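In what follows, a single structure is set out as structure tokens and then discussed.
What follows draws every value from the coordinates through simple rules; no lab data is involved. The model shown is predicted, which means the values in this text are computed figures rather than measured ones. Cβ placement follows ideal geometry from the backbone for every residue including glycine, while neighbour counts extend to all protein chains displayed.
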Amino acid sequence: MKRRRVGFSLKQKIALMIMAAVLGVSFFIFLISYILYTKKTNTFYEEQLIGVSTMISSYLDQKDIEEWFEGKREITKLGNPDDPDDYYEYDPYRLTHDFLRDVGHYFDIANLSVIRPEGDALRYAMDVWINGYDPNVYSVKESEAQEAELSTHELSPGELETPMKKSRHMKESGVLIGDVRGETVFSRGDSWIQIDYPLLDKGNNKLYGYLEITISYSDELRYISTAGLQMFLLILILAVLFAILPVIFTSRKIVRPIYYLSENATKLIEAKRDSETTETNIFGETEFSSSDEVGVLYRSLTQMEQDMNTYVRDLMKVTADNERVRTELDLATQIQNSQLPHTFPPFPDRNEFSIYASMKPAKSVGGDFYDFYMADDDHLVLVMADVSGKGIPAALYMMISRILIKTHAQKGLSPAEILVNLNDQLSENDSVDMFVTVWLAILNLSTGEGVSVNAGHEDPVIRHAGGDYELVKYRHFPPAGTFAGIRYQERSFRLSPGDSLFVYTDGVPEARRGGDREFYGTDRLLETLNRDREAAPEELIGSVMSELQEFTGDGEQFDDITMMNLQYRGTPDHTPEGT
Amino acid sequence: MKFDMNQEGTRLTVNVEGELDVRTSPELEKELMPALEGITEAVIDLKEVTYLSSAGLRTLLSAAKLMDRQGKMVVKNVSDDVMEILKITGFDSLLTLE
């Protein structure tokens, strides 16, 4: 067997699905943690900034700062300048700057400054860069510095910068220098956070400046990203590893068994197709045990195989039975046909008449029959009959009828007597609703005188020498087998040399055309007979038969078609007038 | 072939339409025979029947045989074509025609 190519094997599909699921979940987890972490970091820094600002602001001296805004930097000389051991320069700016730098260091702050908005510009009292611009050191990035509107170098006291956005931003808080309240303003970038903490006059609580602190956590973020990426890669590797396990499991427990079962199913189909094999036990011999769905599939297949065996066995039996019935029906048809006289001419030494008859059954065994035989040396018995019904019952009824008629005829009974006896005998069994129409005649071959009886049969056709074929109409009695006690009566007729007698069953006039279902009818029959009126019996019947075939076309033949023709020649030594 | 049956007491009227042949007669027979149980007068109306084959005659005969035992059966409104068939087959003397 060739393994059929499918887009993705079950194995591949499961592996892909598991990997996609694990990747999806890990990415989701990564994203959530990143967001949560960032948020948490922000809050953490905000709190830290407020704490640091409060602490620093309490240390700052307002008088010093107002001087620094003016650009003044006072240095007080203490002691003896000539004695280094006794000399000290008191520089509050330097002290404050150092203090802020140390605090900044301690709290990982990037920039600390004391500012005052003046119009759209900012005036600086102090500007402290903790680590400068060395990107290798923990520091604020240049892009961040620009975004946070920080100066690019440390500004001196009293310097005026015009970072437009920042001063506008402070203005928007609605608090101006000199107002009796302050407002803490936070600004944020992707990786930095900045506080502008109001500095208030201790006496009258008037705002005189802001302490601005900027913290950059880009390094931290970079670290988080790197760690996240590493985690992501780790999960990816784990996902692949975890995907392999189910794939191995699927392969061992599902794909391989299914493949195995499908191979066996193919074997089974091939075995069943091979008409020699009827009983197979492919799944029965398969060793397979599993309690999961594949096991259920296996058991179903085993059951199916057994059912198929039973079915095929039954089917073969039914086929054999049908075959036997058909053979028997064929045999019945043969027996039935063999009952009818088939040898023509039947009496080669008889010159008084010529006769021909034929029966074409509709399906298998029919109910029509014709018969002719010598009752004695001088009397010819002619029978044309039609049993109502089809098949074996009709065939049996026909054989009984035929034998009864022949028995009575050979006893020398007259046609009416024969029919009375036949009818009473057939009517004995009331439960069989079958009957037989019979036209029966006994013809004296020497004189041409005949006696006939018509028990529900079609009108016979007679052609007198030189004339046309014509229907002979007279009273018909009911068919034999209908009701017991019917008194059949016979009538006499006379054939002269050259006369022709044509009898048939209803299969002839009631043959129907395929299209409009029109009946052939007796008018067409007479036309056909008269077209070739001089024809000998066999030819005459042959031409009616071919006419019928042409007429019915592809229409189904519903009834048996039976015809008999007797042409009387008379005897040279027994002229009709002679007796 | 179509037919309908109408029972009034022990009288059953059957109206038959169309062709009563080897294919359609069994349908009629299957319905008619059980319906005749307990009927003393059966009227078979063949007004709309256009063709009657020997299978149709057999159905009529079965009904006639049954009704012969338990009452009477009348066949009425026979068309000329059907009458011709009844005459040929001798059923005209077997059935009570009206």
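Using all alpha carbons of the stretch A:332-463, what is the percent of pairwise distances in each 5 Å bin, ordered from the shortest bin to the longest?
Going from the shortest bin to the longest, the percentages are 2, 10, 20, 23, 21, 15, 7, 2, 1, 0.
List, largest first, the extents of the alpha carbons of the stretch A:60-216 along their principal axes, each in whole Å.
Principal-axis extents of the stretch A:60-216 (Cα, largest first): 53, 44, 24 Å.
Roughly what percent of Cα-Cα pairs across the protein assembly as shown reach past 47 Å?
Of all Cα-Cα distances in the protein assembly as shown, 59 percent exceed 47 Å.
Hey, which lysines would be in cross-link range of A:Lys272, C-alpha to C-alpha under 19 Å, not counting anything within fewer than 8 residues on its own chain?
Of all the lysines, those that pass the test against A:Lys272 - Cα under 19 Å, at least 8 places apart if same chain - are A:Lys2, A:Lys317.
Out of the trypsin sites (Lys or Arg not before Pro) in the stretch A:161-201, which ones are loop residues according to DSSP with at most 15 other C-beta atoms within 10 Å?
A:Arg181
Extent of the stretch A:340-578 along each principal axis, from alpha carbon coordinates, in Å, largest to smallest?
So the three principal-axis extents are 49, 42, 32 Å.
Exposure proxy check: A:Tyr397, A:Tyr504, A:Tyr90 ranked by fewest other beta carbons within 10 Å?
A:Tyr90, A:Tyr397, A:Tyr504
Between A:Glu287 and A:Glu220, what is the FRET efficiency for a Förster distance of 60 Å, r being their Cβ-Cβ separation, to the nearest 0.05?
Here the calculated transfer efficiency is 0.45.
Grab every C-alpha pair in the stretch B:2-97, bin the distances at 10 angstrom width from 0 up to the longest one, and report whole percents.
Each 10 Å bin holds this share of Cα pairs: 17, 57, 25, 1.
Using θ = phi - 60° and the Karplus curve 6.51 cos²θ - 1.76 cosθ + 1.60, what whole-Hz ³J(HN,Hα) does each residue of the stretch A:206-222 get, with Gly and Pro shown as x?
With coefficients 6.51, -1.76 and 1.60, one gets 8, 6, 10, x, 10, 9, 10, 10, 10, 10, 10, 10, 5, 5, 4, 4, 4 Hz.
With unit charges on the beta carbons (Lys and Arg positive, Asp and Glu negative) and the dipole taken about the Cα centre of the stretch A:316-426, which residue among A:Thr319, A:Val383, A:Pro361 sits farthest to the positive side?
A:Thr319
In the stretch A:41-90, which GluC sites (Glu not before Pro) are in a loop and have at most 13 other Cβ atoms within 10 Å, using DSSP for the loop call?
A:Glu70, A:Glu74
A 22 angstrom limit on the alpha carbon distance is what I want to check against. Which of A:Lys165/A:Lys202; A:Lys63/A:Lys202; B:Lys2/B:Lys76; A:Lys11/A:Lys267 exceed it?
Result: A:Lys165/A:Lys202; A:Lys11/A:Lys267 exceed 22 Å.
Considering all projection directions equally, how large on average is the shadow of the alpha-carbon convex hull of the stretch A:293-355, in square nanometres?
5.9 nm²
Highest mean first, what order results for A:432-440, A:446-454 on Cβ atoms within 10 Å?
Per-residue Cβ counts within 10 Å, averaged per peptide and sorted highest first, yield A:432-440, A:446-454.
Counting partner chain Cβ atoms within 10 Å of every residue's Cβ in B:80-90, what's the average?
Rounded to a whole number, the mean comes out at 5.
Rounding to the nearest 10 and keeping the result within 0 to 90°, find how far the Cα-based axis of helix A:293-339 lies from the longest principal axis of chain A.
It works out to around 20 degrees.
For the stretch A:3-136, what is the Kirkwood hydrodynamic radius in Å, using each pair of distinct C-alpha atoms?
This gives a value of 20.5 Å.
Peptide A:17-26: average number of partner chain Cβ atoms within 10 Å per residue?
Neighbouring Cβ atoms belonging to other protein chains average 0 per residue here.
Test of understanding: express the Cα radius of gyration of the stretch A:226-366 as a ratio to 2.2 N^0.38 Å, with N the residue count.
Against the empirical 2.2 N^0.38 Å value, I get 2.40 for the stretch A:226-366.
For A:Thr343 and B:Arg23, FRET efficiency with R0 = 41 Å and r from the beta-carbon atoms, rounded to 0.05?
After rounding to 0.05, the efficiency reads 0.65.
Find which of A:Ile29, A:Tyr217, A:Ile130 sits farthest along the positive direction of the dipole of the protein assembly as shown, computed with +1 on the beta-carbon of Lys and Arg, -1 on that of Asp and Glu, about the Cα centre.
A:Ile29
Counting other Cβ atoms within 10 Å, keep those with at most 14, restrict to DSSP loop, and tell me which trypsin sites (Lys or Arg not before Pro) in the stretch A:1-86 are left.
A:Lys2, A:Arg3, A:Arg4, A:Arg5, A:Lys72
Could you check which residue among B:Asp80, B:Asp45, B:Asp21 shows the biggest mean-square fluctuation in a GNM of chain B with a 10 Å Cα cutoff?
Residue with maximal mean-square fluctuation among B:Asp80, B:Asp45, B:Asp21: B:Asp80.
Evaluate the Debye formula for the stretch A:145-299 with equal point scatterers sitting on the alpha carbons, no solvent, and hand back log10 of I(q)/I(0) at q = 0.21 Å⁻¹, in q order, two decimals.
Each listed q maps to, in turn, -1.28.
Using 7 Å Cα-to-Cβ label points, what is the B:Asp80/A:Lys206 separation (nm, one decimal)?
Spacing of the two 7 Å Cα→Cβ label points: 13.8 nm.
In the Gaussian network model of chain B, springs joining C-alpha atoms below 10 Å, which of B:Leu32, B:Leu52, B:Leu61 carries the largest mean-square fluctuation?
Taking springs between Cα atoms under 10 Å, the residue moving most is B:Leu61.
Which angle from 0 to 90°, rounded to the nearest 10, does the C-alpha axis of helix A:521-531 make with the longest principal axis of chain A?
Approximately 60 degrees, to the nearest 10.
For chain A, find the longest principal axis of its Cα atoms and tell me its angle to the long axis of helix A:537-552, 0 to 90°, nearest 10.
Helix A:537-552 and the main axis of chain A meet at about 30 degrees.
Taking H as built 1.01 Å from N, whose amide H comes closer than 5 Å to the amide H of A:Met374, not counting residues under 5 places away?
A:Val381
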